[in-house]
């Protein structure tokens, strides 16, 4: 039973949490959305400065809410890859410093592994093997979860990630940032069959299509051309129908690939992680398809779909229980395949 304090600063959320194995004792998240909205996206230098301003108060708040002292914490963890290097360094440096001062083991955690562990927080009895559909602003992957730290990427996007596509389409329609929640809200009042959009399949050299890989750049281009055509025909865009049709296309594409992957590998559980896991269209499609094929489909609570430190702490606790720790020389990496996770540990 490990009690871990974890720090997450990979992008634009400053988060600190304390988790005992899979039980959340405290979870603090300071969002930077309002700070970056005027720019239409995350500004790395601004994100790093905000992390510096808010991290120490967040650490103090997490300890207070958990009613713990440092003597009751077994280890200190931080996200070390992938992400914005400047932002990662803020959390990583803080965690290493605390580990030295408090004489605690240090663990570096892969951000995507954290998203996998978000499902463990709400389903504490979940155990590998299973398929994880990881969908966020920077990643769209189908991952075979074999054991703690052991992952095989079975499918991934060849261009835009699903979350990135939501943001870009929202920008095309002048809806604002971040695009995912805005499009999801508008889609509730739209007709998902109003416009036929391309799913975006990945061709194989020998013919046919890749069963698990995704492509969203063609879909984004199709929406661009459609909006240009509609703007010539009417003064106002049918934003509700456009949002619903786009969301429907993405949800169906992701669902088809996730179901095929689980069935092909003989696995009965699909866990979904990442910011796009909060999307209502994806939740409805994948839950319905899973029930049809007798597959268990797990979505984390909405607050654990976006970046948070509780999922990082949960992953770190499992590694700690397996005897894994990281060297204090561990650096931040902007890119790192999840299949290389065990390189972070001694």
Taking the stretch 97-111 and keeping residues touching a strand residue (DSSP E or B) at 6+ places or on another chain (Cβ under 6 Å) and either more than 20 Å from residue 332 (Cα to Cα) or not in a strand (DSSP E or B) (or both) leaves 98, 99, 104, 105, 111
Inside the stretch 64-89, the number of residues satisfying the requirement of being in a helix (DSSP H, G or I) and farther than 26 Å from residue 323 by Cβ is 6
Please determine whether any residue of the stretch 52-75 is under 16 Å from residue 111 (Cβ atoms), surrounded by 16 or more Cβ atoms within 10 Å (Cβ to Cβ) and in contact with a strand residue (DSSP E or B) (Cβ under 6 Å, 6 or more places away or on another chain).
no
Of (1) in contact (Cβ under 8 Å) with a residue 24 or more places away in the chain; (2) not assigned by TED's automatic domain parsing to the domain that holds residue 318, residue 108 satisfies every one except (2)
*Would you check if there is a residue in the stretch 197-206 being closer than 28 Å to residue 267 by Cβ, touching a helix residue (DSSP H, G or I) at 6+ places or on another chain (Cβ under 9 Å), assigned by TED's automatic domain parsing to the domain that holds residue 252 and surrounded by fewer than 20 Cβ atoms within 10 Å (Cβ to Cβ)?*
yes
Restricted to the stretch 262-285 and to residues being under 25 Å from residue 11 (Cβ atoms) and assigned to a helix (DSSP H, G or I), the residue modelled with the lowest pLDDT is 275
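Matching residues to (1) assigned to a loop (DSSP other than H, G, I, E, B); (2) over 14 Å from residue 117 (Cβ atoms); (3) assigned by TED's automatic domain parsing to the domain that holds residue 92; (4) free of Cβ contacts under 8 Å to residues at least 60 places away in the same chain:
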| residue | (1), (2), (3), (4) |
| --- | --- |
| 297 | no, yes, no, yes |
| 313 | no, no, yes, no |
| 330 | yes, yes, yes, no |
| 336 | yes, yes, yes, no |
Could you go through the stretch 1-18 and let me know if any residue there is surrounded by fewer than 21 Cβ atoms within 10 Å (Cβ to Cβ) and at pLDDT below 95. yes
Worksheet item: Quick check, is residue 94 part of a helix (DSSP H, G or I) and buried (at least 22 other Cβ atoms within 10 Å of the Cβ)?
Response: no
The correct count of residues that are without any contact (Cβ under 8 Å) to a residue 60 or more places away in the chain, more than 15 Å from the chain's Cα centre (by Cα) and in a helix (DSSP H, G or I) in the stretch 155-178 is 3
Scanning the stretch 112-149 residue by residue, those assigned to a strand (DSSP E or B) and either crowded, with 20+ Cβ neighbours inside 10 Å or assigned by TED's automatic domain parsing to the domain that holds residue 26 (or both) turn out to be 130, 131, 132, 133, 134, 135, 140, 141, 142, 143, 144, 145
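The values are calculated or read from the model by the stated rules, or taken from the named source; none is laboratory data. Predicted model, so just to flag it, every value in this text is computed and none were measured. No Cβ is skipped: glycine too gets one built from the backbone with ideal geometry, and neighbour counts run over all protein chains shown.
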